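Values in this text are rule-based calculations from the coordinates and carry no lab data. Model, not experiment: these values are computed from the prediction. For neighbour counting, all protein chains shown are included, and Cβ atoms are generated from backbone atoms with ideal geometry for every residue, glycine included.
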Amino acid sequence: MQKNSTDLSVVIPVYNEEDNIGPLYSALKPVLEGMGINYEIIFVDDGSTDRTASALEDLAADRHVRVLEFRRNFGQTAAFAAGFDHATGEVIITLDGDLQNDPADIPKLYEMAGRYDLVSGWRRNRKDPFLNRRLPSAIANWLIGRVTGVKLHDYGCSLKAYRREVVNNLRLYGEMHRFIPAVANWYGVKVAEVETTHHPRTRGKSKYGITRTVKVFLDLITVKFLQSFSTKPIQFFGPMGLASTLAGFAVSVYLAFQKLFLDKAIGGRPLLLLGVLLIIIGIQLIGMGLLGEMLVRVYHESQKKPIYALRKVLGNGGGDQG
Ligand code: UDP
Ligand code: MG
């Protein structure tokens, strides 16, 4: 066991989980101690309005615990992103703060993270309501698999293990955390799936409803677009633009021929409108592709911008290393 390096960072986003913090910590602690490695636990308080913050303050006395407190509720994805930014471990494991994921699964994921870059939990016997949870989730998993080409049984499971390099490359937005395996796959990481235990929620309330499905669907469109075209927008818009311009041009030539050589009136013909429209749309599309090319350069070359604002960082600051 090396003294100054962290083997494992456990990242836990919590939002109004006052009654879960204590039991979660008690369940987590013996598991992590039993692994005989250097670890840290990073709680990200996502702007809780109940007593979560004070419960976490008590835990920060443990030198293994760090607490990041958001200024307001930025959402689970932002909480993960903050945890990743502050984690110092070689392996990073995320889990829910409501004890629905089982801390006992952590050693298994940690061990697998030695062989894979990303290990994703699969809640095979998921203990959530069928109609508004498991059903939309099953459809989403199927759809995400089809669209992104990365087939997992359970994209929504928060219990995942990442090797450090994987999260270093991630920039997360929207409800994007559930697409990490798909996004990461496009960096060429090795993804594995492992069955994990799932428990029903016993304390506190779920933070999501059926409306999440819509957000996930919209994010899927973004992910697909970024995955396929983000580095080559002109190749996406260009062909459509060229086809449209050429079609418009052909229509115009046809009409011009009729006017000039056959002396027909073309002013009132719908075809004229179509021809002009096709040319304008075509040029617009090509222009959009070119604008996209410029944006892509800015996007890829600009500095890192965090998607959250921290109020304070409690406990083991991670800065005292070396
Ligand atoms: N969570 C969060 N910010 C939010 C919503 C949820 O940090 O805006 C946390 C929440 O405290 C829990 C985890 O994300 O630890 C999963 O949330 P929840 O259990 O409500 O989701 P479900 O299991 O019902 O899908
Ligand atoms: Mg839950």
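Figures for the structure shown
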item	result
P(r) of segment 33-103 over all Cα-Cα pairs, binned every 5 Å from zero, in whole percent	3, 14, 25, 28, 21, 6, 2, 0
GNM result for the chain, Cα springs below 10 Å: residue of Ala53, Ala87, Ala256 fluctuating most strongly	Ala256
Cβ-based net charge around Leu271, under 14 Å, with every Lys or Arg adding one and every Asp or Glu removing one	+3
Sorted by Cβ neighbour density within 10 Å, fewest at the top, the residues Tyr15, Tyr116	Tyr116, Tyr15
Sequence-distant residues sharing a close amide H with Gly89 (under 5 Å, placed H)	Ser9
Distance cut-off 17 Å, percentage of C-alpha pairs in segment 141-213 lying past it	52
Glu69, Glu33 arranged by Cβ crowding within 10 Å, fewest neighbours leading	Glu33, Glu69
Loop trypsin sites (Lys or Arg not before Pro), segment 197-282 (other Cβ atoms within 10 Å of the site Cβ: 16 or fewer; DSSP)	Arg201, Arg203, Lys205, Lys207, Lys264
Global geometry of segment 90-145, whether rounded, prolate or oblate, following the gyration tensor of its Cα atoms and the 1.5 cut on a/c	oblate
Order of Phe217, Phe257 under a 10 Å beta carbon neighbour criterion, fewest first	Phe257, Phe217
Distant alpha-carbon pairs in segment 1-146 (separation over 25 angstrom), percent	31
Charge tally in the Cβ shell below 9 Å around Leu159, where Lys, Arg are +1 and Asp, Glu are -1, Leu159 excluded	-1
Kirkwood hydrodynamic radius over Cα pairs of segment 1-42, then Stokes diffusion coefficient at 20 °C and 1.002 mPa s, in µm²/s	187
Segment 192-298: Rg to Rh, with Rh as the Kirkwood radius over Cα pairs	1.35
Most mobile listed residue (Leu272, Leu242, Leu56) in the chain, GNM with C-alpha springs under 10 Å	Leu272
Separation between Cα centres of segment 62-109 and segment 125-159, rounded to whole Å	21
DSSP H segments from the chain that extend 18 Å or more along their own axis, Cα-based, with Kyte-Doolittle mean of 1.0 or above	233-261, 270-301
Translational diffusion coefficient (Stokes-Einstein; Kirkwood radius from C-alpha pairs) of segment 125-174 at 4 °C, 1.567 mPa s, in µm²/s	102
Pairwise centroid distance, computed over Cα atoms, of segment 226-270 with segment 1-53, Å	60
Candidates Ile106, Ile12, Ile280, ranked by Gaussian network fluctuation over the chain, Cα under 10 Å, top entry	Ile280
Cα Rg, Dmax, the chain, angstrom units	25.7, 92
Burial order of peptide ranges 159-169, 186-196 (average beta-carbon count within 10 Å, highest first)	159-169, 186-196
Inter-probe distance in nm under a simple model that places probes 7 Å from Cα toward Cβ, at Ala61 and Phe257	9.0
